[in-house]
Amino acid sequence: LEFRRVLFRSNELPSGWTMKPLRDCVAPKELWNSLRRPRKQIRYVELAGIDNERGVIANFSDIKAATAPSRAKKIIRAGDVIFATTRPNLKNIATVPKELDGEICSTGFCVLRPQKDVVTSGWIFGIVRSDWFIRQVVRHDEKNAYPSVSDDEVLAVEIPVPPSGEQRRIVTRLEALTRRLDAARQARQTAIAEADAVFQRVLENEFSDAATEDWHFAPIL
């Protein structure tokens, strides 16, 4: 199954599948109030910290809670999926790891916390990163150079929800394919680095003092 091809109407779904608004699959957002829940330090996740190729939180900031930006409002839990609502077509989307459980993210994310009796974290992550889902969310004029959407627009999208066992089977397959893709990407980067190193050695050899001792300079014209 490719998520981008999940375009079923409810009467065309496989047996046991249903269509549900995303808001019915996730828990309400959890907001951090620094006065009611004071903290000395927070780990803060903002849009720039997302690696949108791999779909992971690549960077976050350890900051004093007293100096936290005004957008540091949403509490994240391990397994949450955070969906950037600014320029969603860039797919700044990631799953929250254990080390960021209970930390804070920007209000620029829609935090999707799966209702465990309805959907798995992996299913939500796969669905919301699909081109199909992004098309449902982004309904603005294509000429708008800086589109953004609201949490409500994200949560209003109806998504296919298979039985939990089917969700896990599909997600396991997708994760295996993702690992293969990551390995291929790493091998490509290694090959590029090795090629650069070889080219550099060739240049150093060709333009060493010994190799150029009989060279002379001349004007171009």
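The values are calculated or read from the model by the stated rules, or taken from the named source; none is laboratory data. Owing to the predicted nature of the structure, the values given are computational and were not obtained by experimental measurement. As a convention, Cβ positions derive from the backbone with ideal geometry for all residues, glycine included, and neighbour counts pool all protein chains shown. For the accessible areas, the whole protein counts, side chains as well, though only heavy atoms, and no ligand, DNA or RNA atoms are used. Shrake-Rupley method; radii C 1.70, N 1.55, O 1.52, S 1.80 Å.
Scanning region 82-99 for residues that are within 19 Å of residue 156 (Cα to Cα) and of a type in the set (Lys, Arg), which turns out surrounded by the fewest Cβ atoms within 10 Å (Cβ to Cβ)?
Here the residue is 87.
For residues in region 37-57 being free of Cβ contacts under 8 Å to residues at least 40 places away in the same chain and among the basic types (Lys, Arg), which is most open to solvent (accessible area, probe 1.4 Å)?
40
Report, by residue number, each residue of region 62-77 that is touching an Asp or Glu at 6+ places or on another chain (Cβ under 9 Å) and surrounded by 15 or more Cβ atoms within 10 Å (Cβ to Cβ).
If the condition is that a residue be touching an Asp or Glu at 6+ places or on another chain (Cβ under 9 Å) and surrounded by 15 or more Cβ atoms within 10 Å (Cβ to Cβ), then 71, 72, 74, 75, 76, 77 are the ones that fit.
Does residue 66 satisfy the condition of being among the aliphatic types (A, V, I, L, M) and touching a residue at least 40 places away in the same chain (Cβ under 8 Å)?
Taking the combined requirement at face value, the residue does not satisfy it.
Go through 185, 180 for me and flag whichever is at pLDDT below 75 and open to solvent by 90 Å² or more (accessible area, probe 1.4 Å).
Being at pLDDT below 75 and open to solvent by 90 Å² or more (accessible area, probe 1.4 Å) holds for just one of 185, 180, which is 180.
Mind counting the residues in region 136-147 that are modelled with pLDDT under 90 and under 17 Å from the mean Cα position of the chain (by Cα)?
1
Just to be sure before I move on: is residue 70 of a type outside the set (Asp, Glu) and at pLDDT below 95 in the structure I sent?
It is true that residue 70 is of a type outside the set (Asp, Glu) and at pLDDT below 95.
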